[in-house]
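The values are calculated or read from the model by the stated rules, or taken from the named source; none is laboratory data. Just so it is clear, the structure is predicted and the values come from calculations on it, not from any experiment. Note: ideal-geometry Cβ built from the backbone for every residue, glycine included; neighbour counts use all protein chains shown.
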Amino acid sequence: MKTLNIIACVKKIPDPEAPPKAVNVDREQKKVSFTGVAPVINPFDENALEAALRLKEACGGHITVLSMDEKNARPVLSKVLAEGADRLIILDDEHFRDLDSLSVAYVLSRAILEIGEWDLIITGRQAGDWDSGQTGALIAELLQAPVVTLARSVLIEDGNIIVERVKPDGYERIRAKLPALITTSNEVGELRYTSVKQLVEARKMPCEFWSADDIEIDLEALKKMQIVDMYKPVLQKECVFVDGGSPQEKGKNLAELLVEDDVISKRI
């Protein structure tokens, strides 16, 4: 069996577990910054990397990790090398900042074509910052490859990919020919533990930086995100005690209060 070539797309994002007080929103500039919180790899992309590592262990293969970011993201993204990825490519170019989902997919697809031969592309189901959930499927469309979304498990069998796809009432089993693209859900499982020593050693490993000139990209095709407004919601809590002479009356008063506050709709 030939070597399985896997490309995992990952993204560095602000830590989704950051407390609200650490989040700063500049409404004028439409920018978000964080105080005292380090960025992380998107958790869904960590699920994707874990799926790739399991396939590498089961079938053998080579994992290339691809990310659009700046050079200063290297310390965060080096984690993928510590986990067992074989190659890390960071797409760093001023033209790649703040792009919409289609433009991100276009840049990644051009980079994938530059990488050359591949059998499987794995991405997270969505990113934990914007939560668009579009990029993976768009990459597949641009590359004219089969796509299976929301994978909870992935197997390779006789040149085919076998995916258990998450559904609201269970899962469905899908078979597709390689090359293909899948997006993973958190049901795949968390990324395995990495020791501090492995992380330190990974920061010394080679990392490639590609610009727009390296992937023959049409800069006119790139579109920025159009942010209409951005603000930090004010969290207000109010405790209300519902009185009544009996449990039935209390229930009736509670229902009326919920209707009044538009929590539930009034049935006619």
Does any residue of the range 83-105 turn out to be of a type in the set (S, T, N, Q), touching a Phe, Trp or Tyr at 6+ places or on another chain (Cβ under 7 Å), within 18 Å of Met68 (Cα to Cα) and assigned by TED's automatic domain parsing to the domain that holds Trp210? no
Could you say whether any residue in the range 60-81 is in the same structural domain as Cys9 (by TED's automatic domain parsing), out of contact with any strand residue (DSSP E or B) (no Cβ under 6 Å at 6 or more places or on another chain) and of a type in the set (A, V, I, L, M, F, W, C)? no
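Residue by residue through the range 217-258, note down the ones that are among the aliphatic types (A, V, I, L, M), over 28 Å from Leu142 (Cα atoms) and surrounded by 10 or more Cβ atoms within 10 Å (Cβ to Cβ).
At the first step, the residues of the range 217-258 found to be among the aliphatic types (A, V, I, L, M) are 217, 219, 221-222, 225, 227-228, 230, 234-235, 240, 242, 254-255, 257-258.
The next check asks that each one be over 28 Å from Leu142 (Cα atoms); those that pass are 230, 234-235, 240, 242, 254-255, 257-258.
Those that are among the aliphatic types (A, V, I, L, M), over 28 Å from Leu142 (Cα atoms) and surrounded by 10 or more Cβ atoms within 10 Å (Cβ to Cβ): Met230, Val242, Leu254, Ala255, Leu257, Leu258.
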Filter the range 43-77 down to the residues that are modelled with pLDDT of 95 or more and either part of a strand (DSSP E or B) or polar (S, T, N, Q) (or both) and list them by number. Asn47, His62, Ile63, Thr64, Val65, Leu66, Ser67, Met68
Unmet requirement for Leu81, which otherwise passes all of (1) within 17 Å of the chain's Cα centre (by Cα); (2) in a helix (DSSP H, G or I): (1)
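So, in the range 208-250, exactly how many residues are assigned to a helix (DSSP H, G or I), out of contact with any Leu (no Cβ under 8 Å at 6 or more places or on another chain) and of a type in the set (Gly, Ala, Ser)? Spell out the reasoning first.
To start, the set of residues in the range 208-250 that are assigned to a helix (DSSP H, G or I) comprises 212-214, 219-221, 247-250.
Within this subset, residues satisfying the condition of being out of contact with any Leu (no Cβ under 8 Å at 6 or more places or on another chain) are 213-214, 219-221, 247-250.
Subsequent filtering for residues that are of a type in the set (Gly, Ala, Ser) retains 221.
Residues flagged as assigned to a helix (DSSP H, G or I), out of contact with any Leu (no Cβ under 8 Å at 6 or more places or on another chain) and of a type in the set (Gly, Ala, Ser) within the range 208-250 amount to 1.
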Considering only the range 88-207, give the helices (runs of 4 or more DSSP H) lying wholly within it that have at least 3 residues that are at pLDDT below 95. 196-202
Consider Leu254 against the criteria (1) in contact (Cβ under 8 Å) with a residue 12 or more places away in the chain; (2) more than 30 Å from Pro20 (Cα to Cα); (3) under 26 Å from the mean Cα position of the chain (by Cα): it satisfies all of them except one. Which criterion is unmet? (3)
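Just the residues that are free of Cβ contacts under 8 Å to residues at least 12 places away in the same chain, of a type in the set (A, V, I, L, M, F, W, C) and not in a loop (DSSP other than H, G, I, E, B), please, taken from the range 257-268. Spell out the reasoning first.
So the first thing to find is which residues in the range 257-268 are free of Cβ contacts under 8 Å to residues at least 12 places away in the same chain, and the list is 258-268.
With of a type in the set (A, V, I, L, M, F, W, C) added as a condition, the list becomes 258-259, 263-264, 268.
Scanning the range 257-268 gives Leu258, Val259.
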